[in-house]
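Report on the structure given below.
The values are calculated or read from the model by the stated rules, or taken from the named source; none is laboratory data. These numbers were taken from a predicted model, which means no experiment stands behind them. Note that we place each Cβ from the backbone using ideal geometry, even for glycine, and neighbour counts take in every protein chain shown. When the accessible area is computed, the model is the full protein with side chains, heavy atoms only, and any ligands, DNA or RNA have been set aside. Shrake-Rupley method; radii C 1.70, N 1.55, O 1.52, S 1.80 Å.
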Amino acid sequence: MAELMFLLLCFIAVTALAINRAPMWLWAVAAVVATYAWISGVFDDSGAAPEFGLLSLLACIPALIAILMAIPAVRRKILVEPAFGIVKKILPKVSDTEQEALDAGTIGFDAELFSGHPDWEKLRAVPAIVLTAEERAFLDGPTDELCRMIDDWKIRFNDKDIPDEIWKFVGRHGFLGMLISKEHGGLGFSAQAQSLILGKIASRSPDVCTIVMVPNSLGPGELIEKYGTDQQKHHYLPRLAKGLDIPCFSLTGPTSGSDAATMRDIGTVVRGTHQGTETLGIRLSWDKRYITLGPKATLVGLAFRLFDPEKLIGDKADVGITLALIPADHPGVNIGRRHLPSGSAFPNGPNWGKDVFIPMEWVIGGQKMAGHGWRMLMECLAAGRAISLPSSATAAAKAMLRFTTAYTRIRKQFGLPIARMEGIEEPLGRMVETAYVNEAARGVTAAMVARGEKPSVISALMKYQTTERMRRTVNDAMDIHGGRAICDGPTNYIQAAYQAVPVGITVEGANILTRTLITFAQGALRSHPYLYKEVKAVQDMDTKRGLEAFEAAFLGHIGFTVGNIFGALFHNLTAGRFAHVPEKSYGTAEWYRQLSRSSRNFAVVADLTVALLGGGLKVKQKLTGRLADALSELYMLSCVLKRYEDDGKPAADQVIVAMAAQNGLYRFQVALRGTIENFPVMWARILMRALVYPLGGHYHPAPDQLAHEVVRIACEPGEVRDRLTRFMFVSRDVNDPTGILEVTLEKVIAAAPAEKKLDRAVRDGIVKRYHGIDWIGDAVSAKVISESEGALLREVEALTARVIAVDHFDPAEVRPNFMTVGHNMRAVQSAAE
């Protein structure tokens, strides 16, 4: 019994030392004390005199090792230097493009999640959603006005183009220059304002949102603002801000989609003639496709690989990826043809050129920035990817929820609103969760960017997570609406989002790529507290300096790993009851505990994965994809808790937070468990399983009853529904396809008591409800309802008929569009042949 007590005390001591990441000398002291206690017989209850035998000798070994490791010179010689040599030998060389991607952006709250011990006060320090008076006025004024101008059916079906009046409006009001500083003629809005403005437009029309989004995302405007010469800034930025120039940015080509290193678009530094004067410049040949705004652009941003065989601008023949600005009407530029991405109406198409000469001054930033294009792109993308797609995807999720909650409350089957049917309740619950979670993460991430962060890892997970969740929400809305959503027409408010879904999934880093190759693989290096320091140390050309840096990082890494191993086991055995909880977390304390516990588990699995697979991570994309999912769930649930607190912890939202937390933790568990069960190293798989799930899986999806409560409050007009769909455009015009939903919903709620009386009379046989019979009039005559109630029910009946109506056309109305498209396609095919 005494021996068991001794072992238990040793385990507690080791766990405490590990979790608190005690210094090596303290480990040595503890080992000596434990060894002395064992040898001296302190825990021997037999009463016999202690003997120094083989077991006693073996018990001295841990203490001896701990003492040696506590001596810096010895530790370096027998541990650090061999490890340094091994890592230096096996570590694959990081390519220039990979290095620039790693160096781009900043580390944010993602590092806290990778640490296994997140500091929640750092998350709380991120500002809540704040707009200036000017930004608020723009959101409520010109943005609303633009939304009212939009005729979605005309844009995406009749014209398949953005009307000139909308182009003029967005140019006149500065929509195209939101990120351009006031100094250069732009609005100079914050990232938060840009996100909300784009989202409101997206809730009305994905196509119109796109023409505003692109100039305010990765493209000439941002690149010139950050890297351009003074001449480029003074000439182009005011024109871009006012819409006098329409920009596009040409990056993707037939052979270089996700893999920019294979770019075949090249430029060669030569001397040539420009406007009659001999000048130093670049002869370009390129072939680009999928270029948004390309067919409409007057200014083409171009990425290409620059070569300088005669070394006219430096001592390197291969200068690297370079960015330039080329007027669309410059001789040799071929532009104007269009793709039709999922039937969307925003302009998108190819452009190309062969042996086009441009002066060196057209390089963004001038000659000194030649070869720095990839770094420029990655730095801009680190911030831009956190704004554009997350804002539009979140808006789509909120819009689908608002439209669908109204429709399901209005639409009846089997004598009751379909929102009350469990089969409908299930997808509605998912939609509520997505709208709340996406908006929470969007708001927090935009606030990070607004205060100057460039969260490369967070922006990657935000892009793929918000668009994937948006896809699921749009599909749920389609399923619930059924034929009402399938049949397209002027009153269909689902199809525009449905058509645009694949575009959001694909652009700015296709989701498959972003999930499996960027989020975790890049995050493991950038967000891990020690890994990137170790990599940089072993690649240092100065071996002595590199060894010193490696020693600090490597020893820290050991303490980090051991601490998380014991911390994970402890918190999983105690169900997270002792995990860190921030102050003033009433109502959210349990979710903070479970997030802290899950962060420990993630840190252990992520650390072992990187340590054991190393460079092989690139080909273990199923594992990295699951780890990206796990990291995403931790981040998005953290944002949910912050949103709930920033909103003032409204009591009605507690059930929504609870549902989001339970489902998020369960998805985290599925992702992490999938990683463990498929880990290729058997002993590590067994160890991770024992550490993370010593008592089995501990999370479960939210129960049906919780989802029932959430859907009930989401389908009623009021503060919860408005909060779930905040910042989107809401019409109350009965002649608008979505406005009539709002008006009808309110009327349906008001008419509910009269509707119940009428339904009872029908069941009792007092009133017959068939076509050709005035059942409302009969109910009034039979004194079932009053005349005022009858008038209200007639109004509701007329409005409901319009809500559930499906568009239909004379064949002549739709045939010409298809004939024209077919004719043009044949013309292109004939030209190609």
Members of segment 618-636 that are open to solvent by 10 Å² or more (accessible area, probe 1.4 Å), in a helix (DSSP H, G or I) and either among the basic types (K, R) or over 23 Å from A690 (Cβ atoms) (or both): K618, V619, Q621, K622, R626
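What number of residues within segment 107-119 satisfy the criterion of being of a type in the set (G, A, S) and either part of a helix (DSSP H, G or I) or surrounded by fewer than 21 Cβ atoms within 10 Å (Cβ to Cβ) (or both)?
Step one: filter segment 107-119 for residues of a type in the set (G, A, S), giving 108, 111, 115-116.
Next, from what is left, pick out any that are either part of a helix (DSSP H, G or I) or surrounded by fewer than 21 Cβ atoms within 10 Å (Cβ to Cβ) (or both): 111, 115.
Count: 2.
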Scan of segment 637-649 for residues that are open to solvent by 20 Å² or more (accessible area, probe 1.4 Å) and touching a residue at least 12 places away in the same chain (Cβ under 8 Å), ordered by number: E645, D646, D647, K649
Residues satisfying the stated conditions in segment 614-645, i.e. small (G, A, S) and at pLDDT below 95: G614, G615, G616
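Working carefully through the options G674, G664, G697, find the one that is touching a helix residue (DSSP H, G or I) at 6+ places or on another chain (Cβ under 8 Å) and open to solvent by less than 10 Å² (accessible area, probe 1.4 Å).
Values: G674 fails: open to solvent by less than 10 Å² (accessible area, probe 1.4 Å); G697 fails: open to solvent by less than 10 Å² (accessible area, probe 1.4 Å).
Only one candidate passes the filter, namely G664.
Please indicate, with yes or no, whether at least one residue in segment 530-538 is outside any helix (DSSP H, G or I) and either under 20 Å from R75 (Cβ atoms) or touching a strand residue (DSSP E or B) at 6+ places or on another chain (Cβ under 8 Å) (or both). Walk me through it before giving the result.
Here is the first cut: in segment 530-538, the residues outside any helix (DSSP H, G or I) are 530.
Remaining after also requiring either under 20 Å from R75 (Cβ atoms) or touching a strand residue (DSSP E or B) at 6+ places or on another chain (Cβ under 8 Å) (or both): 530.
The answer is yes, given that some residue of segment 530-538 is outside any helix (DSSP H, G or I) and either under 20 Å from R75 (Cβ atoms) or touching a strand residue (DSSP E or B) at 6+ places or on another chain (Cβ under 8 Å) (or both).
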Among residues of segment 489-518, those that are open to solvent by less than 40 Å² (accessible area, probe 1.4 Å) and assigned to a loop (DSSP other than H, G, I, E, B), counted: 6
Single match in A521, A549, A537, A575 (criterion: of a type in the set (G, A, S) and either open to solvent by less than 20 Å² (accessible area, probe 1.4 Å) or under 25 Å from T394 (Cβ atoms) (or both)): A537
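State all residues of segment 339-352 that are assigned to a loop (DSSP other than H, G, I, E, B) and polar (S, T, N, Q); if no residue qualifies, say none.
First, pick out the residues of segment 339-352 that are assigned to a loop (DSSP other than H, G, I, E, B): 339-340, 344-347.
Answer for segment 339-352, where residues must be assigned to a loop (DSSP other than H, G, I, E, B) and polar (S, T, N, Q): just S344.
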Verdict on S190 being within 15 Å of G384 (Cβ to Cβ), under 21 Å from the mean Cα position of the chain (by Cα) and of a type in the set (S, T, Y): yes
Sole residue being among the acidic types (D, E) and within 16 Å of the chain's Cα centre (by Cα), chosen from E422, E468: E468
Unique residue being farther than 24 Å from K463 by Cβ, open to solvent by 30 Å² or more (accessible area, probe 1.4 Å) and either modelled with pLDDT under 95 or of a type in the set (A, V, I, L, M) (or both) when the list is G276, G371, G332, G320: G276
Flag if R411 is out of contact with any Leu (no Cβ under 7 Å at 6 or more places or on another chain), under 30 Å from V748 (Cβ atoms) and free of Cβ contacts under 8 Å to residues at least 24 places away in the same chain: no
Residue within segment 590-602 that is touching a Gly at 6+ places or on another chain (Cβ under 6 Å), modelled with pLDDT of 95 or more and among the aliphatic types (A, V, I, L, M) present: no
Every residue from segment 200-251 that is surrounded by fewer than 23 Cβ atoms within 10 Å (Cβ to Cβ), among the hydroxyl-bearing types (S, T, Y) and assigned to a helix (DSSP H, G or I): Y227
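So which residues in segment 120-150 are in a loop (DSSP other than H, G, I, E, B) and touching a residue at least 24 places away in the same chain (Cβ under 8 Å), if there are any at all? Please lay out each step first, then the result.
Here is the first cut: in segment 120-150, the residues in a loop (DSSP other than H, G, I, E, B) are 125-132, 141, 150.
If the condition is that a residue be in a loop (DSSP other than H, G, I, E, B) and touching a residue at least 24 places away in the same chain (Cβ under 8 Å), then V126, P127, A128, I129, V130, L131, T132, I150 are the ones that fit.
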Failed criterion for R732 (all others in (1) open to solvent by 80 Å² or more (accessible area, probe 1.4 Å); (2) touching a Lys or Arg at 6+ places or on another chain (Cβ under 6 Å) hold): (2)
